[in-house]
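The values are calculated or read from the model by the stated rules, or taken from the named source; none is laboratory data. Being a predicted model, the structure only gives us computed values, none of them experimental. For neighbour counting, all protein chains shown are included, and Cβ atoms are generated from backbone atoms with ideal geometry for every residue, glycine included. With ligands, DNA and RNA removed, areas are computed over all heavy atoms of the protein, side chains included. Shrake-Rupley method; radii C 1.70, N 1.55, O 1.52, S 1.80 Å.
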Amino acid sequence: MVEEESAVVGSVEDMKKQHGLYVESNFAFNNSMRYHLSDQSLHWKADSAYTSQVNYDYKTPAIMEVYPKLGIGIKLQPKDDFISIRSWELLMDSYDRERRGLAIRKMYRAIAPWTTANPIFMHLVSKTDDQVYTAIDQCAATGYEALILSFGSHVNMEDTTAANLSNLKKIADYAHHRNVKIGAYSLFSSRKISEADDVINPKTGKTGGAFFGNAPCFGSVWGIGYTKRIKTFFEKTGFDIWENDGPFPGDQCASTSHPGHHGLEDSQWVQFNMQKELYHWLNARGVYINSPDWYFLDGSNKTGLGYREVNFSLPRENQRILNRQNIFDALWEENPSMAWGFVPLTAYQGGGKDAVLEPLHAHREDYKQLMMQYYGAGVQACYRGPRLYDSEKTKETVIDVIQWYKKYRTILNSDLIHLRRADGRDWDGFLHVNATETGFKGLGMLFNPLKTAITRTIKLPLYYTGLTGRAKIDFDDKSTKEVSLDRESEATLSITIPAESYRWFTVE
């Protein structure tokens, strides 16, 4: 590769790498919720034959190679097949962060179209079956399309007894009767199973010291059984969604007694492929997969925006700002459908009365604004709690937001352009754009975190909508204005945003 930087002094690690080619492989994991931090396969090296380079020590990063760093180490038997990792290369034409992000987002829509699915779901914390049935009814009544039984709920996906599977099939049948998809949560890593089944730390020869402290080995007796139990669960119950927390994060295992791998050298490759095979199996059956890791190119549908969970113990006004920062930061290289956020309806990670949304009717405006900023970004959040509404007025609020989202769903699920990041000091916002859409070409959300109304003059980059000359902007579905676009297809907009509130507008 032609070097990105000609520097007299510097190493392969220190010098800038070629930005004209974006490379992504399906060998990415570690739960960072960002691809470049999850990637395990891209390597830059010096070329000793490149003697005319500027670098004094011949250390210019001029060779790019893609391969698993820890090797593969499998024993290939006669007539066995070996399938390598796969990489995709995307040519870039700009250093502009937004333009580069738009190209990557378009790549995902092309090579992993399942990532464009974006069902509206609730996260239920259930203790009884009756609570599940009630939540299904609330989803049906408000227009929610799916219900996920969250972590801490009473459902155990690993219980494959006939009685458990039969009971959960009844629940799934009822949900489908109400036109609601249903799913459940299952944790793989960051848990201790047993000394015999956990990954063996190659440094100590003992369990512990894994990526999440303790973790089972996929190649152990328990790990092999886990895959079978999950498949049995979906085959017998008819559930539609799997929230798989802690998927394989890259742990090596030094055990020589686990039946799935023969030793340390093949342990990462074997476990990685077991995870992939399970996701392939689920994806092929139409099961939607939430996974906090970068398995998009192997069947996963959605990952987290990236957030610190203890922030949800802060006052609601702080949560609103932090959530918008999370949205802004995540959607540079992800489509809105690829990420989930989080709205704990009940106390989560501590916090006082100023942090919680329950009782919902007492905090309807905060509840609505959290929904509007997530749905306005096209991002589904995990609304985690015992119910979606607790009064008729709360129910009406939820219905109004969901109907608004469904009305503008196409444009809200389109590319997000970054206008201004939330900082709590002035306005912030983003703009959805879709140049190929015949209806709305854009939809913007502008927020005011201040305790007084503000009027600001904002430049809108309508170049990304494909419009030239003039555009029609409809504010809050109440008033319409025609605006002129300059030679760069930007519109100058003066708008007043109420205190601690928001405005939205469409572009045609």
Residue 494 versus (1) closer than 23 Å to residue 412 by Cβ; (2) open to solvent by 60 Å² or more (accessible area, probe 1.4 Å): which is the lone unmet condition? (1)
Quick check on region 77-92. Is at least one of its residues of a type in the set (Gly, Ala, Ser) and open to solvent by less than 40 Å² (accessible area, probe 1.4 Å)? no
Residues of region 251-263 that turn out to be among the hydroxyl-bearing types (Ser, Thr, Tyr) and either buried (at least 23 other Cβ atoms within 10 Å of the Cβ) or closer than 19 Å to residue 72 by Cβ (or both), as a count: 2
Could you check how many residues of region 200-233 are buried (at least 23 other Cβ atoms within 10 Å of the Cβ) and out of contact with any Ser or Thr (no Cβ under 7 Å at 6 or more places or on another chain)? 5
Which members of region 234-244 meet the condition of being assigned to a loop (DSSP other than H, G, I, E, B) and open to solvent by 20 Å² or more (accessible area, probe 1.4 Å)? 238, 240
Lone qualifier among 266, 293 - being open to solvent by less than 10 Å² (accessible area, probe 1.4 Å) and more than 16 Å from the chain's Cα centre (by Cα): 266
Would you check which residues across region 140-193 are assigned to a loop (DSSP other than H, G, I, E, B) and of a type in the set (S, T, N, Q) and list them? 150, 153, 156, 160, 161, 179, 189, 190
Quick check on my filter: what residues within region 222-279 are over 25 Å from residue 179 (Cα atoms) and among the β-branched types (Val, Ile, Thr)? 224, 227, 256, 270
Could you grab me the full set of residues in region 410-422 that are touching a residue at least 40 places away in the same chain (Cβ under 8 Å) and surrounded by fewer than 21 Cβ atoms within 10 Å (Cβ to Cβ)? 413, 418, 419, 421
Note on residue 227: of the conditions (1) touching a residue at least 40 places away in the same chain (Cβ under 8 Å); (2) in a loop (DSSP other than H, G, I, E, B); (3) of a type in the set (Ser, Thr, Tyr), unmet is (2)
Output the residue which, of all residues in region 460-483 that are within 29 Å of the chain's Cα centre (by Cα) and free of Cβ contacts under 8 Å to residues at least 40 places away in the same chain, is least open to solvent (accessible area, probe 1.4 Å). 476
When you scan region 385-407, how many residues do you find that are within 16 Å of residue 119 (Cα to Cα), touching a residue at least 40 places away in the same chain (Cβ under 8 Å) and open to solvent by 10 Å² or more (accessible area, probe 1.4 Å)? 3
Residue among 75, 79, 17, 69 that alone is of a type outside the set (Ser, Thr, Tyr), under 30 Å from residue 419 (Cα atoms) and in a loop (DSSP other than H, G, I, E, B): 17
Looking only at region 44-62, count how many residues are outside any loop (DSSP other than H, G, I, E, B) and either among the small types (Gly, Ala, Ser) or within 29 Å of residue 264 (Cα to Cα) (or both). 4
Quick one: what pairs do we get from region 304-318, first residue open to solvent by less than 60 Å² (accessible area, probe 1.4 Å), second among the charged types (D, E, K, R) and outside any helix (DSSP H, G or I), C-beta under 8 Å, 6+ apart or different chains? 306/34; 315/354; 316/354
Is it the case, given these coordinates, that residue 204 is farther than 24 Å from residue 301 by Cα, assigned to a loop (DSSP other than H, G, I, E, B), free of Cβ contacts under 8 Å to residues at least 24 places away in the same chain and polar (S, T, N, Q)? yes
Restricting to region 82-92, name every residue that is in contact (Cβ under 8 Å) with a residue 24 or more places away in the chain and part of a loop (DSSP other than H, G, I, E, B). 85, 86, 92
From the set of residues in region 358-384 that are more than 28 Å from residue 335 (Cα to Cα) and either under 23 Å from the mean Cα position of the chain (by Cα) or hydrophobic (A, V, I, L, M, F, W, C) (or both), which is surrounded by the fewest Cβ atoms within 10 Å (Cβ to Cβ)? 362
Scan 67, 58 and give me the residue that is at pLDDT 95 or above, among the aromatic types (Phe, Trp, Tyr) and open to solvent by 30 Å² or more (accessible area, probe 1.4 Å). 67
Which count do you get for residues in region 27-43 that are open to solvent by 20 Å² or more (accessible area, probe 1.4 Å) and assigned to a loop (DSSP other than H, G, I, E, B)? 6
Before we move on, is residue 182 of a type in the set (Val, Ile, Thr), open to solvent by 40 Å² or more (accessible area, probe 1.4 Å) and in contact with a helix residue (DSSP H, G or I) (Cβ under 6 Å, 6 or more places away or on another chain)? no
